[in-house]
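Heads up, the thing below is written out as structure tokens.
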Amino acid sequence: MTEDPVARDRSRRILHVDCDAFFVQVARLEDPEGVGREPLLLVGGSAEGRGVVTSASYEARRYGVHSAMPMATALRLCPDATVVPVPRKACARRSRAVHGVLERLAPVVQAASIDEFYLDLAGTERLLDGESLEGTARRIRERVLEATEISVSVGGGTAKLVAKLATGLAKPGGVHVVPPGREGAFMRRWHLGEIPGVGPALLETLKAKGLETVEDVLPVEERWLVEWFGEAGGRWLRDRVRGIDPAPVESSEPRKSVSSERTFPRDVRDPEILERELLRQTVSATAALRKKRLRARTVTVKLRDADFTTRQSSHTLAEPVESETAVFAVARTLLDELRRRRAGAVRLIGVGLSSLQEREDAVQLGLFGGEARAESDRERTIARVVDDLRERFGEEAVLPARIVEPGE
DNA sequence: TCTGGGGTCCTAGGACCC
DNA sequence: TCTGGGGTCCTAGGACCC
């Protein structure tokens, strides 16, 4: 097999920066005297009794606790742990701070999630006066820690895939760089489930073929991989296990969707409660939308039934909207439609907004003759006034009359 | 041990237009 | 008479990630 010069560009210098137990770190920094002193700390578990662990302290991990584990299970394994909710706003703020520092240290920075970033250092060799990639990684780690108090681990290599896996060996608070030419050997240590992009479903299929580790896949001829996993899938797997990943580091794309959802503490059948919660999620999703100065054309309602099947229904409008009134009008009929298809108890309800556009602030005149508008200027104005009130007096200051509980 | 909430990307079928 | 093919948009569902 010939080496593809693009796929195996050994001159690429990519770093993967990952915040160590990010949610735990942030919770501690926000409350140094309280939670900051608790070694056994679990962050998450929002849905009263039905939550999962979002992040566990390294001390708690020694008890077998890991993220995505139901909180009830985690507390059985580690009964002395302290549980705190995810400090969402502080996490977003700290993430932006880390991102800001990285952008001053590398020409291209891609935010892969709230706590992970890829850096492409191509073209900085002269500037850095021959500093090794490992040296750069250490310097970046120190700079981030100084400037943001956030401890990160850094992986490096000639591809994003390799850099990300290397971070796993760097954690916590270290650096691991795979030298050019060593990618193939480096890959041999991994179980297939550890390869980014291989999830539970693919893992099952692989297992059924007797494939569990990278070493298992390496000797399999490409034609078999293609026969089993399709043209694209087979080639993808062939490349992955060899550490070949041509994906470029791209500075972050504009947002594509905004959503808000909630799992009920107990399953719900009552249509009134469902509708009230739908309104709550609509309020929260549209507020987030407006905060980002966006409008949406597509509204999606998501339901998770008691048996954990997830269903959704969506509708795309001709014109983008931003007010809760306009979105709720659509969401309500979508909920009715979903309930018509299948009634029964509901575990989760959510509202998603997509087909996003940046809003222009000029007032929209009646461009569309007699056509019915999905949203009036009045509705938009009201929504923005409400945003302002919430900002000044708190999130709960202004709620639509319909979701204020009797007696509140 | 029953399984959160925020996202992204991909696929496949049908509508509709040329 | 039988039967075109491609492109784009929309919807539903699923896999995957942190």
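Below 8 Å, C-alpha to C-alpha, sequence gap of six or more: please give me the relative contact order for the stretch A:36-128 in percent.
Over the stretch A:36-128, the number comes to 21 percent.
Using θ = phi - 60° and the Karplus curve 6.51 cos²θ - 1.76 cosθ + 1.60, what whole-Hz ³J(HN,Hα) does each residue of the stretch A:162-169 get, with Gly and Pro shown as x?
So the J values, rounded to whole Hz, are 5, 4, 5, 5, 4, 4, x, 7.
State which entries of A:K89/A:K302; A:K164/A:K292; A:K171/A:K256; A:K89/A:K171; A:K164/A:K302; A:K209/A:K302 exceed 27 angstrom in Cα-Cα distance in the structure shown.
Over 27 Å apart, Cα to Cα: A:K164/A:K292; A:K171/A:K256; A:K164/A:K302; A:K209/A:K302.
Stick to Cα atoms and the Kirkwood definition of Rh, then tell me Rg/Rh for the stretch A:185-232.
0.94
Any idea what Rg and Dmax come out to for the stretch A:1-123 if you just take the C-alpha atoms, in Å?
Final numbers for Rg and Dmax: 18.3, 59 Å.
For chain A, find the longest principal axis of its Cα atoms and tell me its angle to the long axis of helix A:133-148, 0 to 90°, nearest 10.
Approximately 30 degrees, to the nearest 10.
Please return the longest stretch of chain A lacking exposed loop sites, where chymotrypsin sites (Phe, Trp or Tyr not before Pro) count only if DSSP places them in a loop and at most 12 other Cβ atoms lie within 10 Å.
Answer - A:1-307.
Using +1 at the Cβ of each Lys and Arg and -1 at the Cβ of each Asp and Glu in the stretch A:1-119, identify which of A:A81, A:S46, A:P70 lies farthest towards the dipole's positive end.
Highest projection toward the positive end goes to A:S46.
Mean shadow of chain A, computed from the convex hull of its alpha carbons, in nm²?
With the hull built on Cα positions only, its mean projection is 25.6 nm².
Quick check on chain A: of the DSSP beta bridges with both residues there, what percent are antiparallel, nearest 5%?
Bridges in chain A are about 90 percent antiparallel.
Along the charge dipole of chain A, which of A:L274, A:A170, A:H99 sits closest to the positive end, that is, farthest toward it, with unit charges on the beta carbon of Lys, Arg, Asp and Glu (+1, +1, -1, -1)?
A:L274
Could you list the residues of the stretch A:22-63 with an amide nitrogen less than 17 Å from a label point located 7 Å from the Cα of A:T73 in the Cα-to-C-beta direction?
Once the point is set 7 Å along Cα→Cβ of A:T73, A:42-47, A:49-57, A:60-63 turn out to lie under 17 Å by backbone N, inside the stretch A:22-63.
Could you work out the helix-only [θ] at 222 nm for chain A, with each DSSP H run of four or more residues adding -39,500 (n - 2.57) and the total divided by the number of residues, to the nearest 500 deg cm²/dmol?
One gets -12000 deg cm²/dmol as the mean residue ellipticity at 222 nm.
Given a Förster distance of 41 Å, report the FRET efficiency between A:L202 and A:R378 from their Cβ-Cβ distance, rounded to the nearest 0.05.
Calculated transfer efficiency: 0.25.
Relative to the Cα centre, what is the charge dipole magnitude of the stretch A:243-318, using +1 at the beta carbon of each Lys and Arg, -1 at the beta carbon of each Asp and Glu, and rounding to the nearest 20 debye?
Charge dipole, the stretch A:243-318, about its Cα centre: 500 debye, nearest 20.
Calculate the dipole size of chain A relative to its Cα centre from +1 charges on Lys and Arg beta carbons and -1 charges on Asp and Glu beta carbons; express the result in debye to the nearest 20.
260
About the Cα centre of the stretch A:3-133, how large is the charge dipole given +1 on each Lys and Arg Cβ and -1 on each Asp and Glu Cβ? Please answer in debye to the nearest 20.
300
Run the paramagnetic zone check for A:T333: 7 angstrom along Cα to Cβ, then residues of the stretch A:293-315 with backbone nitrogen under 19 Å.
A:296-303, A:312-315
Restricting to Cα pairs below 8 Å that are 6+ residues apart, what does the relative contact order work out to for chain A? Please round to a whole percent.
The value is 13 percent.
Could you give the length gained by full extension between A:R138 and A:E319, i.e. 0.36 nm per residue of separation minus their alpha carbon distance, to one decimal place?
Full-extension gain reported as 60.2 nm.
Once each part is reduced to its C-alpha centroid, what is the distance from the stretch A:164-197 to the stretch A:215-284 in angstrom?
Centre-to-centre distance over Cα atoms comes out at 22 Å.
Could you state the angle between the C-alpha long axis of helix A:88-105 and the longest principal axis of the C-alpha atoms of chain A, as a value from 0 to 90 degrees rounded to the nearest 10?
With both axes taken from Cα atoms, the answer is about 40 degrees.
Cα gyration tensor of the stretch A:220-293, axes a ≥ b ≥ c as square roots of the eigenvalues: rounded (a/c below 1.5), prolate (a/b > b/c) or oblate?
Oblate, since a/c reaches 1.5 and b/c is not below a/b.
Throughout, read-outs are computed from the coordinates displayed, never taken from laboratory work. Keep in mind it's a predicted model, so treat the numbers as computed, not measured. Heads up, the Cβs are rebuilt from the backbone with ideal geometry, glycines too, and the neighbour counts pull from every protein chain shown.
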